[in-house]
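Asker: This is the structure, below, for whatever I ask next.
The values are calculated or read from the model by the stated rules, or taken from the named source; none is laboratory data. What you see is a predicted model, and the numbers here were worked out from it, not measured in a lab. As a convention, Cβ positions derive from the backbone with ideal geometry for all residues, glycine included, and neighbour counts pool all protein chains shown. Heads up: the accessible areas ignore ligands, DNA and RNA and are worked out on the full protein's heavy atoms, side chains in. Shrake-Rupley method; radii C 1.70, N 1.55, O 1.52, S 1.80 Å.
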Amino acid sequence: MKFLAITLIVHAPHPVTGIRKSTNERFREVIDNALLAEELGFDGFGVGERHERPFISSSPPVVLSHLAALTSRIRLFTAVTTLSLLDPVRAYEDYATLDHLSGGRLELIVGKGNGAAQRDLFRVTAEDQWDRNAESYEVFRRIWRQDKVTAATRFRPELQDAEVWPRPLQRPVRVWHGSATSKESVDLAARHGDPLFSANVTNPIEPYAELIRYYRERWEHHGHDPAAIAVGAGTAGVHVARTSQEALAAYRPVFEGNLAFQKRLGLAPVFTTLEDFVERSSALIGSPQQIIDKVHRYHAEFGHSVLHLHADAGGLTDSQHRDSLELFQSAVAPVLRREIPDPPFPWGPVLGKTEPLSEPSSGSWPEPSSGSLPEPSSGPGSEAVPASPGSEAVPALGPLHTTTER
């Protein structure tokens, strides 16, 4: 099993003290957390993309390029790249450049994105967001693989023998599809034989397990080898301590602060007590053995081989957060690495030849999926904390975070 540390760069008041750091301090904290993740042996570090309060993660290529210069080993993820909002040509240019600057350490988690405010900012509607996401991914995918692209697009100017530079280092970059509770992202991933990253943050396990089962069904429907499936999953919070009593005592003020924040926004929480949050959410709060047992319980439902943890302290003190991650890496990760398989591909740059494509060069975008489960939001999908009562998601009561919609 591989482990990522992920941040959406939430810029909100501290859930316990009520103090909000300056923007500069918050970005400095992200840099420090990435360096800590590499120091402790995490396999990847992810930066989300959101274009609304309370997030300042609007430019993941810039942040990840800076981190690429400061790190040497850790793989750099987007969590997620909100393709429904972006011009796929411009997105390709940013990420192909980052691919070179990072020495091929880039991996993408792509998705629709979440939140009415950022949709309004980019003039994307709830009705066309999924079609935009699919089209942007199809174009992005083909530019990465083809030197010249012709595409009769609906949501951006058509392409006619377009050349886009620079050509990438990885051939091709690995793209995961983030998914919260909507089938559209899952269909897109399965069609192309791409890995899936379940947000697994806001709700109990059932809707995520249902969607992963659907992914496996669609994967086989499209003729892909079941042995090649890779699934990642998020967590709603993390605090590992020597005993469960210590973990609960340290995390309780964080939970209560986030609960009060939700109530101020007029939101109905999914988990109303810390004990329920620890029991029924994906949060990893407890002793090392309790964390190991819980990850195994989720793995029995998901079959996932990649797990993300929160990169941010999220209300814990810096020393509590560091101690927790150190204990996770020393007492939890080695056991899970032994007992749960890695993804079915090498964990490193993809430096093969450019793949032939099955899509027609003229661009023929598939019809959107007809059915979907109710979707509360967008993170590796994503499920993020909304900035106002009019936003879409009811967040989990961990640190304000989303991965990965997808």
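Asker: Share of antiparallel DSSP beta bridges in the chain, in percent to the nearest 5?
Answerer: Roughly 10 percent of the DSSP beta bridges within the chain come out antiparallel.
Asker: What list of ³J(HN,Hα) values in whole Hz, one per residue of region 99-107 in order, does the Karplus curve 6.51 cos²θ - 1.76 cosθ + 1.60 (θ = phi - 60°) give from phi, with Gly and Pro shown as x?
Answerer: 4, 5, 4, 8, x, x, 8, 7, 9
Asker: Sticking with this one: In whole angstrom, how far apart do the alpha carbon centroids of region 4-23 and region 276-313 sit?
Answerer: 22 Å
Asker: May I pose another question? Distance check, please: which entries in Lys112/Lys148; Lys183/Lys294; Lys2/Lys112; Lys21/Lys183; Lys183/Lys263; Lys21/Lys263 exceed 28 angstrom between their Cα atoms?
Answerer: Those over the limit are Lys21/Lys183; Lys183/Lys263.
Asker: Determine the distance separating the Cα centre of region 26-97 from the Cα centre of region 220-249; give it in Å without decimals.
Answerer: The two parts, judged by their Cα centres, are 21 Å apart.
Asker: While we're on this one: What's the carbon and sulfur percent of the chain's accessible surface, probe 1.4 angstrom, rounded to a whole number?
Answerer: 52 percent
Asker: Would you work out if region 221-299 is rounded, prolate or oblate? Take a ≥ b ≥ c from the square roots of the eigenvalues of the alpha-carbon gyration tensor; rounded if a/c is under 1.5, else prolate when a/b is larger than b/c, oblate otherwise.
Answerer: Taking the square roots of the gyration eigenvalues as a ≥ b ≥ c, region 221-299 is oblate.
Asker: Give me the 1.4 Å probe accessible area per residue for the chain, excluding ligands and nucleic acids, in Å².
Answerer: Per-residue accessible area for the chain comes out at 38 Å².
Asker: Also, I was wondering about something else. Under 5 Å between amide H atoms, partner at least 5 residues away or on a different chain: which partners does Arg75 have, H built in plane at 1.01 Å?
Answerer: Gly44, Phe45
Asker: Which loop trypsin sites (Lys or Arg not before Pro) in region 48-114, with loop taken from DSSP, have no more than 16 other Cβ atoms within 10 angstrom of their Cβ?
Answerer: Sparse-neighbourhood loop trypsin sites (Lys or Arg not before Pro): Arg73.
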